[in-house]
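Below: one structure, written as structure tokens.
Taken together, the values in this text are just the output of simple stated rules run on the coordinates, not laboratory data. Not measured: the values here are computed from a predicted model. Methodologically, a virtual Cβ is constructed for each residue, glycine included, from the backbone with ideal geometry; neighbour enumeration extends over all protein chains shown.
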Amino acid sequence: MEEITVNIHNHSTLSDGTGSYHEIAQAGLTAGIDCVVITDHNVYVQGKDAYYYRDGRKILLLIGEEIHNPGAQPGNHLLLLNPPKEMAGLADQTQAIIDAMNAERGITILAHPYENGIPILKMEAYSWHNWAIQDFTGIEIYNFMSEFKNNSRNLISLLQNYFRPKENQLGANESALKKWDELLCSGRKVHAFAGSDGHRFMKKIGFYQVVAFEYDFLFRSLNNHVFLSAALNGDAESDKVQIMTALRDGNFFIGLDALASTKGFRFTASTEDGIVWPGSQALLGKSATLQISCPQKCLCRLISNGKVLKQWDEIQSIPITVTAPGYYRVECYLPFRNKLRGWIYSNPIYLYRG
Ligand SMILES: [Zn+2]
Ligand SMILES: [Zn+2]
């Protein structure tokens, strides 16, 4: 298996971001990620998927979209990856968008489902409210910008978090994690995604130009680490298919690389169907052996069917035999500045009885 880093949910000058496609790709090359996905608000530019190159490295820039209904209450932002065409015309019919995307193997993700606004900056909350919808691909359990907002409720914390952006990140959103487990327990196969919500906010205050969250900083901070069966071959079209298929199937984990690199994390299950990876389902038989392997020692939790099945306070690698059907997923935590931070979140492996 090949592991690549994919950073989704970024805004360009075509909506409320301040970077062009070219600048965002350059920031991705600086950060060393493999793929960046642009999702501008209610605008999809077709035909701009492309590789960008610099100093012997390459990055694949893909275009998606973030849709909301401007005529409705704030919130319900839906990310589209791999859209077949512009869907903003259906902004008031979320389920119709999801159905149309599913028909074309597109990916739909509920963006920043739980967030608070920042009243002193007049920044609103854009949470997800429409839980009647079905068949979406995933939920953004971790949105870098939302967690900044959630942790910056007063002027002091806002200034601290602006000047030390890495330190305000505590991990995935607790309410989103809870909702994700609830959806998984109800039998729905929903994948967890991380989004930067990158904008590179710029504002002139007097003579001072305030810049918040450079793209390359975000690309080094929080990523989706995607497992591919073959290495990227440099052809934008076929590489896009491979990456989108893996994202649609949940073959990835979320890594807060700002704390320490999460590259090399592995979670697999040895089953009657062979060895399977996150996002896969397999026949359980009498038992299966899960194997967790982390890039460094950390606190590690194995979660199954909404409950913490096992917690290890300090491990790097461990096998564990399980006998019950259901979903299994892993969370890893690292201490940083005297606080335990959510570091890695795997998508589930689903084990079922024949
Ligand atoms: Zn949004
Ligand atoms: Zn956004």
Using the crude model of +1 on Lys and Arg Cβ and -1 on Asp and Glu Cβ, and no other charge, please compute the dipole size for the chain relative to its Cα centre, in debye to 20.
1020
When the dipole is taken about the Cα centre of segment 1-154, and only Lys, Arg (+1) and Asp, Glu (-1) are charged at their Cβ, what size is it in debye, to the nearest 20?
300
Can you tell me which of Ala172, Ala100, Ala27 moves the most in a GNM of the chain? Springs connect C-alpha atoms under 10 Å apart.
Ala100
Scattering curve values for segment 138-268, log₁₀ I(q)/I(0), Debye with Cα scatterers, q = 0.14, 0.15 Å⁻¹:
-0.76, -0.84
Using the count of nearby Cβ atoms within 10 Å as a rough guide to exposure, how do Asp235, Asp257, Asp249, Asp99 rank from fewest to most?
Asp235, Asp99, Asp249, Asp257
Any idea how far apart Lys178 and Asn338 come out in nm if each label point goes 7 Å out from Cα toward Cβ?
2.7
Give, as ranges by residue number, the residues of segment 323-346 whose backbone N falls under 20 Å from the point 7 Å along Cα→Cβ of Lys297.
331-344
Among Phe163, Phe219, Phe253, determine the one that fluctuates most according to a GNM of the chain built with springs between C-alpha atoms less than 10 Å apart.
Phe163
With r defined as the distance between the Cβ atoms of Glu23 and Met123 and R0 fixed at 30 Å, what FRET efficiency is calculated, to the nearest 0.05?
0.80
Computed FRET value (nearest 0.05) for Ile205 with Asn116, which takes r as the C-beta separation and R₀ as 22 Å:
0.45
Give me log10 I(q)/I(0) at q = 0.12, 0.14, 0.22 Å⁻¹ for segment 86-177, Debye formula, one equal scatterer per alpha-carbon, no solvent.
-0.47, -0.61, -1.04
With label points set 7 Å from each Cα along the Cα-to-Cβ direction at Gln93 and Glu167, the distance between them in nm comes to 5.1
Putting +1 on Lys and Arg Cβ atoms and -1 on Asp and Glu Cβ atoms, find which of Leu158, Asn347, Leu228 reaches farthest to the positive end of the dipole of the chain.
Leu158
Check: C-alpha center segment 9-83 vs C-alpha center segment 227-275, spacing in Å is 20
Theoretical FRET efficiency, 1/(1+(r/R0)^6), r = Cβ-Cβ of Arg57 and Ile320, R0 45 Å, to 0.05
0.75
I want to verify the translational diffusion coefficient of segment 266-352 in µm²/s; compute it with Stokes-Einstein, Rh as the Kirkwood radius over Cα pairs, at 37 °C and 0.692 mPa s.
251
Listed residue (Ile320, Leu283, Leu184) projecting farthest to the positive dipole end of the chain, Cβ model:
Ile320
Based on DSSP H runs of at least 4 residues, each adding -39500 (n - 2.57), what is the mean residue ellipticity at 222 nm of the chain after dividing by all its residues, to the nearest 500 deg cm²/dmol?
-6000 deg cm²/dmol
Whole number please: convex hull volume per residue of the Cα set in segment 2-256, in Å³?
128
